[in-house]
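Structure record follows, encoded as structure tokens.
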């Protein structure tokens, strides 16, 4: 039997207690918001999300401005490596595709079925118009924000320091590029994003459970949800990410069936809408 190191035990317990404390604090903050109803969720999210996006874009623009001459070579490197057959074969083409899909869905939630739940609450006379607005989300998130992030990572050389971990790469990139405090700034931005996500996902779960059962039962989901926040704080990152990926996969299957079934009606409504605009 190995000898138990007291210092290691204390360190592990300390790390667990710190994570537990963070989880409990987040659970309490989330409880104040989500038990206030949809209006409070929308009000808080509306205040947080624009701040998060603007601050992040400002930081990225500053970094790119300081390295303007290297922007095009960075974009060229992204395009070249995206179609590098040798790298794809060595890394396992099918595995890379699966990882890419998992991370893309995790990033923009395309095909998961979340969007109808909040865009459906909007008051509009033209559903197609609201659908077009919803389509901007994945474009801005994936094409714009993720591309800018990739450029910053390449400009800083962070991809050479932590090739297998996107979170670490981004932290290193911001720290290197923003005078040593960029990682702190990024943590503030990510915290704002995380809080807004915590608030909105409670609404999704409540809405779904209410549809499957009834409104009274649906509200019970929030209590389970608050408990899951504390659990996620103390669990390993890999476990949490894998659970999220599994949940998204289970959501995509029925949603894509519904999308294919409803697509003829959507195409018909879309054709009618665009014909009105031309007139």
- Note on the structure: Expressed in angstrom and ordered largest first, the alpha-carbon extents of the stretch 161-256 along the principal axes are 53, 26, 25
- Message: Taking 41 Å as R0, compute the FRET efficiency from the Cβ-Cβ separation of residue 29 and residue 256 and round it to 0.05.
- Response: 0.75
- Query: Put a dot 7 Å past each Cα toward the Cβ at residue 210 and residue 98; how far apart are the dots in nm?
  - Reply: 3.8
- In nanometres, what is the gap between the two model label sites at residue 234 and residue 119, each 7 Å from Cα along Cα-to-Cβ? 4.0
- Centroid-to-centroid separation of the stretch 209-278 and the stretch 45-69 [C-alpha atoms, Å]: 29
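Once you order the gyration tensor axes a ≥ b ≥ c over the Cα atoms, which shape class does the stretch 16-278 get: rounded for a/c under 1.5, otherwise prolate or oblate by comparing a/b with b/c? Please list the in-between numbers first.
Working: a/c = 1.61, a/b = 1.21, b/c = 1.33.
Oblate, since a/c reaches 1.5 and b/c is not below a/b.
When only C-alpha pairs under 8 Å and at least 6 residues apart count, what is the relative contact order of the stretch 132-279, in percent? Kindly include the intermediate steps, with their values, before the conclusion.
Numbers: 59 pairs, mean separation 12.3, N = 148.
The value is 8 percent.
A short reminder: the numbers here are calculations on the coordinates, not readings from a lab. These figures come from a predicted structure and were not determined experimentally. Don't worry about glycine lacking a Cβ; one is built from the backbone with ideal geometry, like all the others, and counts go over all protein chains shown.
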